[in-house]
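Here is the structure we will look at, set down as structure tokens.
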Amino acid sequence: MTWSVRNNHWNADTVLVGNDSSTNAYAGDTSCDVPLPVLCLKKSGLPLPAGVVPDFYNGWTGGEAKLTPAVSGYALYSRAAADGLCAAQFGPGYRMGEHHDGGGGWNWWARGDLLRTWVAVNDQPANPWNTTTGKAMTWSLLTQDWNRDLVDFHSDIKTDGYHGDTPTTDRLPVLCLRPDGRPAPDGIPFDFYNGWAAGEVKLSSPVRGTTLTSRTAADNLCATQFGPGYRMGEHHDGGGGWGWWASGDLRFWVAIDDQPANPWN
């Protein structure tokens, strides 16, 4: 079984994760051959943040969520192995997130900024390789169209496209794009600030910004992980700036205690 990000509150670093039209909580939905991140959670009794109204289907976990680098489902041969992966990546108390962690099921809120990514900007010193502030620009997932595997990455309240916003010592995925000229889908109001990138996106494994020593190095990272044609996504790839849509399906493994829909059962 897999989930995806359903909503973000960037001003509070809260994220809603949960099922979508691809999720099958009873028999699983994604081949265990596929490498995907694991959704990890550390419950610590955090208070309910403003703007979150929990219910049975959208509960508050009181914890912090993070995503591991992508792993094959077959690497998660037991719940203990999955929990151990989270703890090894993020520290004591982290374990694999589970369907019912919000107190009900299907979705839950947690503290976290799961899909923040390094993205390039050609005409500003806000990249890991040319920053003068020790910070580089990041974007985050704004929204998705799950029925058509479309994603919208965009600047948000954290983004600084002129001086950078995130220390290059941090580890984040690189937003990778393979432009291929595919036609724009119907029904999305593209504009200068949120255009169509005419390609497919994927997220690399998290890397320190300091390892992205040039645009060529960043492009090569994308091509090495995903194949020819992939390169680092850039601020203006939608034809304007500040955000763009592309094809993509960004999912992660999540556990369910009462169904045979985990990699290990």
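The values are calculated or read from the model by the stated rules, or taken from the named source; none is laboratory data. Every value quoted in this text rests on a predicted model; they were computed, and no experiment measured them. Here the Cβ positions follow ideal geometry from the backbone for every residue, glycine too, while neighbour counts run over all protein chains shown. Just the protein is used for accessible areas: all its heavy atoms, side chains included, with ligands, DNA and RNA removed. Shrake-Rupley method; radii C 1.70, N 1.55, O 1.52, S 1.80 Å.
Numbers for the structure displayed
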quantity: Calculated SAXS-style log₁₀ I(q)/I(0) at q = 0.22 Å⁻¹ - region 1-119, Debye, Cα scatterers; calculated: -1.39
quantity: Residue of PRO128, PRO92, PRO173 that the Gaussian network model of the chain assigns the largest fluctuation, springs spanning Cα pairs under 10 Å; calculated: PRO92
quantity: Accessible surface, per residue, of region 83-129 when the full set of protein chains is kept, probe 1.4 Å, Å²; calculated: 33
quantity: Residues whose placed amide H lies under 5 Å from that of GLY161, excluding near-sequence neighbours; calculated: none
quantity: Average accessible area per residue (Å²) across region 196-261 - probe 1.4 Å, nucleic acids and ligands excluded; calculated: 37
quantity: Residue-by-residue Karplus 3J(HN,Hα) for region 142-150, coefficients 6.51, -1.76, 1.60, Hz, glycine and proline x; calculated: 8, 7, 9, 10, 5, 5, 10, 6, 10
quantity: For ASN194, distant residues with modelled amide H under 5 Å away; calculated: GLY241
quantity: All-pairs alpha carbon distance profile, the chain, 5 Å steps from 0, percent; calculated: 1, 6, 13, 17, 18, 18, 14, 9, 4, 1, 0
quantity: Rounded to whole Hz, the Karplus (6.51, -1.76, 1.60) HN-Hα couplings of region 224-231, x for glycine and proline; calculated: 5, 7, 10, x, x, x, 7, 8
quantity: Under-5 Å amide H pairs with VAL71, H placed in peptide plane, nonlocal only; calculated: LEU36, VAL38
quantity: Fluctuation leader among THR211, THR168, THR138 - the chain, Gaussian network, Cα springs under 10 angstrom; calculated: THR211
quantity: Within the accessible area of the chain (1.4 Å probe), percent carbon and sulfur; calculated: 52
quantity: HN-Hα J in Hz across region 70-83 - Karplus 6.51, -1.76, 1.60, θ = phi - 60°, x for Gly and Pro; calculated: 5, 9, 4, x, 5, 6, 9, 7, 7, 5, 4, 5, 5, 4
quantity: Within region 115-217, percent of DSSP bridges classed antiparallel, to nearest 5; calculated: 95
quantity: Aspartates and glutamates with Cα under 13 Å of LYS42, excluding same-chain neighbours fewer than 8 positions away; calculated: GLU64, ASP83, GLU98, ASP101
quantity: Those Cys residues of the chain for which no other cysteine Cβ falls under 4.7 Å; calculated: CYS32
quantity: Loop-located chymotrypsin sites (Phe, Trp or Tyr not before Pro) in region 1-94, at most 13 other Cβ atoms within 10 Å (DSSP); calculated: TYR26, PHE56, TYR57, TYR77
quantity: Relative contact order (%) - the chain, alpha-carbon pairs under 8 angstrom, separation at least six; calculated: 23
